[in-house]
Every structure is written in structure tokens, then in C-alpha cells.
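The structure under discussion appears below in the form of C-alpha cells.
Each reported figure results from applying straightforward, stated rules to the coordinates on display, with no laboratory input. All values reported here derive from a predicted model rather than from experimental measurement. Cβ sites come from the backbone with ideal geometry, for glycine too, and all protein chains shown count toward neighbours.
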Amino acid sequence: MERKQIESSNIISIGYDENKNEMEVEFKEGGIYIYNGVSKESHENLINSPSIGSHFYKHIKGKHNFSKKISGFLQRRHIEFQGILKAVLKDKG
């Protein structure tokens, strides 16, 4: 999902997938989060708000399920680690 840079004290960028009703939010303190069930109207209201951060905390956070996005690099390392762990446990079993 492509995110666009925005002007906000807490948020760096926001992306939206209309087909999945998912919104990605990249925060300045770190981390990219995916919010589920966000309507196109809610996304548009957010990015057109005079205070994006305030609007986000008032209308998105706590009202939508979310998950933290893992970078491709970390995801590959996680998969490799799982494979190594399974091999070690198999040798011990």
C-alpha cells in the first residue's frame, strides 16, 4: 500500500486500500500500523481534517482493530528463525 506524507506532529504518512477498507498509518515515534474496517469516507475525513492527529485519536484509534506491520526484512528473519527453531526442537525430540 502506498502511503502519502502528511503534515502532523505525530503521524508521518497515511495510506488507504479501498478494496480492503484498510488504512496504514506511519507514526513519528516509530511503527506502521494497519487499521481494519476504515471506510473511504473516514479516511477522507482524516486526511482533510485541519488537525490530522487529533482527528485520528478521536475517530480512528480505539474504534478499529489494528495490527503492527512488520517490514519485509523482519518478516524474512522471523520465518528463518522459525525454521531454525523447528530444526533444533526436532533434534532434541
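Summary table below
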quantity: Nitroxide proxy distance, nm - points 7 Å out along Cα→Cβ at Asn19 and Ser49; calculated: 2.8
quantity: Answer label, with mean projected area of the Cα convex hull in nm² calculated from the coordinates and candidates (1) 7.7; (2) 9.4; (3) 7.0; calculated: (1)
quantity: Reachable lysines, given that their alpha-carbon falls under 20 Å from the alpha-carbon of Lys20 and they are not under 8 places away in the same chain; calculated: Lys4, Lys40, Lys61, Lys63, Lys68, Lys69
quantity: FRET efficiency for Gln5 and Phe81, using Cβ-Cβ distance with R0 set to 41 Å, rounded to 0.05; calculated: 0.80
quantity: Lys69 long-range amide H proximity, modeled H, under 5 Å; calculated: Ile32, Tyr33, Ile34
